[in-house]
Amino acid sequence: MRRLFPVTDMTSTTPPRAAGDTAGTTSSASADAAVTGADREWTLDELADAYAYPDPLPEGASWLRANMVSSLDGAGQHDGRSQPLSSDADMRVFGTLRALADVVIVGAETVRQEGYRPARAREAFAERRAAAGQGPAPVIAVVTASMELDFSLPLFTEPLVPTLVLTGAASSPERRAEAERAGVEVVIAGDGRDVQPLEAVAALAERGLRRQLTEGGPTLLGQFVAAGVLDELCLSLSPTMTAGGAQRIAGGPVIAVPQRFAVASVLEQDGFLFTRYRRI
Ligand SMILES: NC(=O)c1ccc[n+]([C@@H]2O[C@H](COP(=O)([O-])OP(=O)(O)OC[C@H]3O[C@@H](n4cnc5c(N)ncnc54)[C@H](OP(=O)(O)O)[C@@H]3O)[C@@H](O)[C@H]2O)c1
């Protein structure tokens, strides 16, 4: 991993040694990498520092960041999953972003298609989470109108911290009762069947879940964008092309004026660009 932007002492200025250049362990390139820390796998602590939430958050405020992966040609999935676009480095960033979050907000279709499991407690982040006043793992909050979720899955029955379901007041009372019997807390964040993004963000913040992370999918992310509640996008640009008609990372109705974001940082590993943009 190396930092391309902002340019710091973790930005390699020399290319990595060519394959087969084994003799030159003291070559300027390897010496440079050793000195700068570039071109090596970053520790999870370094990644966590790089992706820290704004600290402190203003009193009562929350911060919603999204973490998404896209191919070079804009696909947000391949064969119904994001995994074919991902990599080991991407999964390290994914895990780090989860470890920094109070809550992971995810659309029901992603839960159904990707077989979501409960978030794990990771030893590497335990101290950091305790110091930040966080539980051992982030809460997973699933957004659904239909309530068509399998509440017998480990995501609902075996989490370290109870999974939340965000839904509208007019969603099925029978399905809500079933969710609650499985140990799920149902949070109402909208008058109809749908969840209102502003209400969802506020309801989570009221529960003390202020460092918010959404992992999509595109339908849900598009609504957060349209409602103007997305503060930050962590976009992994995968060095792949998929062609075809795959969803982009955000869908739903088009918004009237494109929202502008400013680049906050760009990291690179194995050809993946790990970008971080903040809403202006
Ligand atoms: N590239 C990436 O980083 C990335 C990340 C995540 C997912 N994905 C991919 O994206 C695909 C799934 O995305 P998707 O866009 O189809 O689905 P999604 O956004 O994950 O979920 C859509 C579902 O979420 C619920 N939902 C969304 N907005 C709602 C609202 N305002 N109120 C109530 N419920 C709401 C609805 O659930 P109900 O139908 O239950 O009402 C809706 O059908 C998968 O292929 C997945 O692999 C890619």
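May I ask you to verify whether residue 189 is modelled with pLDDT of 95 or more, surrounded by 14 or more Cβ atoms within 10 Å (Cβ to Cβ), in contact with a strand residue (DSSP E or B) (Cβ under 8 Å, 6 or more places away or on another chain) and under 23 Å from residue 250 (Cα atoms)?
yes
Name the residue that is surrounded by the most Cβ atoms within 10 Å (Cβ to Cβ), counting only residues in region 24-45 that are outside any loop (DSSP other than H, G, I, E, B) and modelled with pLDDT of 85 or more.
This residue is 44.
So residue 89 clears everything in (1) over 27 Å from residue 201 (Cβ atoms); (2) assigned to a loop (DSSP other than H, G, I, E, B); (3) modelled with pLDDT of 95 or more except one condition, right? Which one?
With respect to (1) over 27 Å from residue 201 (Cβ atoms); (2) assigned to a loop (DSSP other than H, G, I, E, B); (3) modelled with pLDDT of 95 or more, residue 89 is out only on (2).
Can you spot a residue in region 198-205 that is outside any strand (DSSP E or B), over 20 Å from the mean Cα position of the chain (by Cα), within 12 Å of the ligand (Cβ to nearest atom) and of a type outside the set (Asp, Glu)?
No, that holds for no residue.
Filter region 151-176 down to the residues that are in contact with a Gly (Cβ under 8 Å, 6 or more places away or on another chain), buried (at least 17 other Cβ atoms within 10 Å of the Cβ) and outside any loop (DSSP other than H, G, I, E, B) and list them by number.
156, 167
Do you know which residues across region 46-67 are among the hydrophobic types (A, V, I, L, M, F, W, C) and either surrounded by fewer than 12 Cβ atoms within 10 Å (Cβ to Cβ) or more than 14 Å from residue 104 (Cβ to Cβ) (or both)?
47, 48, 50, 52, 57, 61
When you go through 196, 223 one by one, which is the residue that is out of contact with any helix residue (DSSP H, G or I) (no Cβ under 7 Å at 6 or more places or on another chain) and either within 20 Å of residue 60 (Cβ to Cβ) or of a type in the set (S, T, N, Q) (or both)?
When all the criteria are applied, what remains is 196.
Can you confirm whether residue 238 is modelled with pLDDT of 95 or more and closer than 28 Å to residue 137 by Cβ?
yes
Looking at (1) in a loop (DSSP other than H, G, I, E, B); (2) at pLDDT 95 or above; (3) within 25 Å of residue 220 (Cβ to Cβ); (4) more than 15 Å from the chain's Cα centre (by Cα), find the lone condition where residue 121 falls short.
Condition (3) is where residue 121 drops out.
If you scan region 206-221, which residues turn out to be within 12 Å of the ligand (Cβ to nearest atom), closer than 21 Å to residue 145 by Cβ and buried (at least 22 other Cβ atoms within 10 Å of the Cβ)?
214, 215, 216, 217, 220, 221, listed by residue number.
Just checking, which of 148, 109 is farther than 30 Å from residue 3 by Cα, out of contact with any helix residue (DSSP H, G or I) (no Cβ under 6 Å at 6 or more places or on another chain) and not in a loop (DSSP other than H, G, I, E, B)?
109
The values are calculated or read from the model by the stated rules, or taken from the named source; none is laboratory data. Values in this document were obtained by computation on a predicted structure and should not be read as measured data. Cβ: placed from backbone, ideal geometry, glycine included. Neighbour counts: every protein chain shown.
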